[in-house]
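The values are calculated or read from the model by the stated rules, or taken from the named source; none is laboratory data. Keep in mind the model is a prediction, meaning the values are calculated, not measured. Using ideal geometry, Cβ is built from the backbone for each residue, glycine included, and neighbour counts are taken over all protein chains shown. Just the protein is used for accessible areas: all its heavy atoms, side chains included, with ligands, DNA and RNA removed. Shrake-Rupley method; radii C 1.70, N 1.55, O 1.52, S 1.80 Å.
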Amino acid sequence: MKELDYPFDAKQLLRKRKAIKKSLTENNETKLPLRMAVLGGSTTNDVVDMLELFLLNNSIAPVFYQSEYGRFWEDAVFENRELDLFQPEIIYVHTTNRNIDQWPSAGVDKEIADKLAMHQMEKYSIMLDALTEKYHCPIIQNNFEPPAYRLIGNRSVMVPDGRVHFVNQMNILLNDYASSHSNIYINDIAYLAADLGLYHWYDSFAWYMYKYAMSLEAIPFLGFSVSNIVKSIYGKNKKVMALDLDNTLWGGVIGDDGVEGIVVGNETSKGQIYIEFQQYIKELQNRGVLLGVISKNDESNAMEGLNHPAMVLHPDDFVSIHANWEPKSINLEQMAKEINLVPDSFVFVDDNPAEREIVRASILNCGVPEIGEAENYIRILDHCGYFEQSSFSDDDLARNKMYKENAQRNSLRSKYANYEDYLRGLEMKAEISSFESIYVDRIAQLTNKSNQYNLTTRRFSRNEIEQMMLDPTYITLYGKLLDRFGDNGVVSVAIGEKKDNNLEIILWLMSCRVLKRDMEYAMMDSLVECCKGQGIENIIGMYIPTAKNAMVKDFYQLQGFLQIGEQTDGSTKWELKVSDYISKNRVITINQ
Amino acid sequence: MTKEEIINRLQPVFRDVFDDRRIKVNQNTNANDIIGWDSLTHIQLLAATEDEFSIKFAVEDVASLKNVGELVDIILKTIEKN
């Protein structure tokens, strides 16, 4: 559920938890049952509620045991029939620095402070040993977050009687214990609290009123963190990252800007963003994540970009490269078959919300992060927790309960019955009109850069464009496309020259960003309407082939034109009787 | 803001927390009137109310509320304080 993807709205999760839980439990999905004991050093109810939502979202159906308030230690160490009968398969110990029994007092030296830390640690090791011996299961243990106050300020981090120093000591001791006990997993609330900011982590109101050791808004993040550890233990990490190229691995659109025009490299701020993002991805690959490319580009363009000298990632870093114009959901399904993994083990990384929507709607449980702006790609991807590591190798304890993925499962359970429904779902609106001064710059840019979706590849200077704009012997059209996700700006340009009762199309181009959206049909609707209004009987179109525009070879045929000529160089001539025109646009609202 | 307006804004909060579109609240509504309104959901109600009105309650104000009417009074008081 998108609501439970990072970055989530913590307050909404708290407020709407009942409805969200209902939605997750009633989705007919097979879930892994899991008996989870939560032993609290402070109030755990909301923690359990949030944990439950995130686990359900990971196809795990938990049943919980909660200790009586604050009795985490007693529940673990003393005989506990209730917990025995519950037979926990996994245990979460919810302690915080509120549970530190004894802080070093003012002025104690290092020896005494160390003894104090070890004594405190012993309390935890006794508890963890007891739990392990009785239940032989994974145990998730919170470490300690920075203290709410320091008393002496900055020096607290350094001196033996400093509280910050003491917490750091405790965490080192906990790490040592966890390193030598393979069933112990540290939930790093020190990092979590830093991530949220101690200002947002601590809430006196929540402590004094309800004995929550952290603010209520912190609790969803806490639940998310624990759920990431759990899902990792049960083999539910994602395994592959399928990456887009344009504006994801580099700045710009290679089909429009060319390989010299894409922005990647350390010379510019923008280029640096993409270099660091690629470095981050490379690091993930070093830790076992597979990489793939799914890009709407001609293969030659995609490869040119991937071979750009500044790139950190190269073609051979990817187990599969799909560069074509088919829907990305189909590509992902095919890629999954190629590499023998289920589609829901994928993370789909794409800057385009429309692409994310079709993958999210078509492929159940595929990771589709809302990555936002390029400078935030790393932060968001990292926080999503898709690749949470829980061991260096397979965990024997978990293998017994490993959820067997059903390779035959039909993963294209599409939210949309067909592609046209998807297009309708985009709620596209087009603004199509004759050239206007405010768009002349953009029109000139498109005219001089577009190579692929360009019927004649004629170049016009800004002056020429302005002249044609004012000259009644020309019909000019620009097309701007808006959809549910935002404004794509001016994406298409057409210019026709009137000759008697005919209109000759001398320029027709479109940005590849909006391919397969039926924008060309909307443009033709407008052109035909213009022609009707001016008494034009026939529209003539030319296709002039170049090395880059093979994709529009059949453009006029698809528009319902009849071919009337062909030359040895491959160029073709087409004609449409305006009165015979049938509109093919069913999904774009024009000029409303 | 009037007490009427506050109650109108509290209604969706209650409906969300209890996941029940049929709930109608008035000044006299208390925990006896809504199934599932216990000490745990009470915490959720207070938190969601703070969020709804962009306010933060003080411990002394909400430690003992008897009904929605008293909550409305505290909301007004807290809004004025802020």
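A few comments on the model shown:
- Of all the criteria given as (1) farther than 19 Å from A:L39 by Cα; (2) open to solvent by 30 Å² or more (accessible area, probe 1.4 Å); (3) within 14 Å of chain B (Cβ to nearest Cβ); (4) more than 31 Å from the chain's Cα centre (by Cα), the one not satisfied by A:K211 is (1).
- A:L503 vs. criteria at pLDDT 95 or above, under 21 Å from A:G252 (Cβ atoms) and either open to solvent by less than 10 Å² (accessible area, probe 1.4 Å) or in a strand (DSSP E or B) (or both): no
- Looking only at residues of the range B:59-69 that are under 18 Å from A:W207 (Cα atoms) and surrounded by 14 or more Cβ atoms within 10 Å (Cβ to Cβ), we find that the one that is nearest to the other protein chains (Cβ to nearest Cβ) is B:V62.
- Inter-residue pairs, beta-carbon under 7 Å, first more than 17 Å from A:V578 (Cβ to Cβ) and aliphatic (A, V, I, L, M) and in the range A:538-553, second in a loop (DSSP other than H, G, I, E, B) and open to solvent by 60 Å² or more (accessible area, probe 1.4 Å), 6+ apart: none
- Enumeration of residues in the range A:26-56 that are under 22 Å from B:D20 (Cα atoms), modelled with pLDDT under 95 and either open to solvent by less than 40 Å² (accessible area, probe 1.4 Å) or within 14 Å of another protein chain (Cβ to nearest Cβ) (or both): A:E26
Conditions tested, residue by residue: (1) free of Cβ contacts under 8 Å to residues at least 60 places away in the same chain; (2) in a helix (DSSP H, G or I); (3) of a type in the set (G, A, S).
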| position | (1), (2), (3) |
| --- | --- |
| A:L482 | yes, no, no |
| A:D487 | yes, no, no |
| A:G496 | yes, no, yes |
| A:R513 | no, yes, no |
| A:L527 | yes, yes, no |
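- Of all residues in the range A:73-98, those satisfying the criterion of being crowded, with 19+ Cβ neighbours inside 10 Å and within 37 Å of the chain's Cα centre (by Cα) are A:P88, A:E89, A:I90, A:I91, A:Y92, A:V93, A:H94, A:T95, A:T96, A:N97.
This table checks each residue for (1) more than 26 Å from A:G235 (Cα to Cα); (2) acidic (D, E).
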position: A:K18; (1), (2): yes, no
position: A:T30; (1), (2): no, no
position: A:R35; (1), (2): no, no
position: A:L51; (1), (2): no, no
position: A:S59; (1), (2): no, no
position: A:F78; (1), (2): yes, no
position: A:E89; (1), (2): no, yes
position: A:I100; (1), (2): yes, no
position: A:V108; (1), (2): yes, no
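- Residue within the range A:215-227 that is at negative phi, away from every other protein chain (no Cβ under 14 Å) and either touching a strand residue (DSSP E or B) at 6+ places or on another chain (Cβ under 7 Å) or surrounded by fewer than 19 Cβ atoms within 10 Å (Cβ to Cβ) (or both) present: yes
- In the condition set (1) open to solvent by 80 Å² or more (accessible area, probe 1.4 Å); (2) closer than 18 Å to B:D73 by Cβ, B:A31 is compliant with all but (1).
Residue by residue, here is whether (1) of a type outside the set (A, V, I, L, M, F, W, C); (2) under 27 Å from A:V47 (Cα atoms); (3) within 12 Å of chain A (Cβ to nearest Cβ) holds:
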position	(1), (2), (3)
B:M1	no, no, no
B:R15	yes, yes, yes
B:D19	yes, yes, yes
B:N30	yes, yes, no
B:T41	yes, yes, yes
B:S54	yes, yes, yes
B:F57	no, yes, yes
B:I79	no, no, no
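- Among all residues of the range A:133-140, there is none that is open to solvent by 10 Å² or more (accessible area, probe 1.4 Å) and in contact with a Gly (Cβ under 8 Å, 6 or more places away or on another chain).
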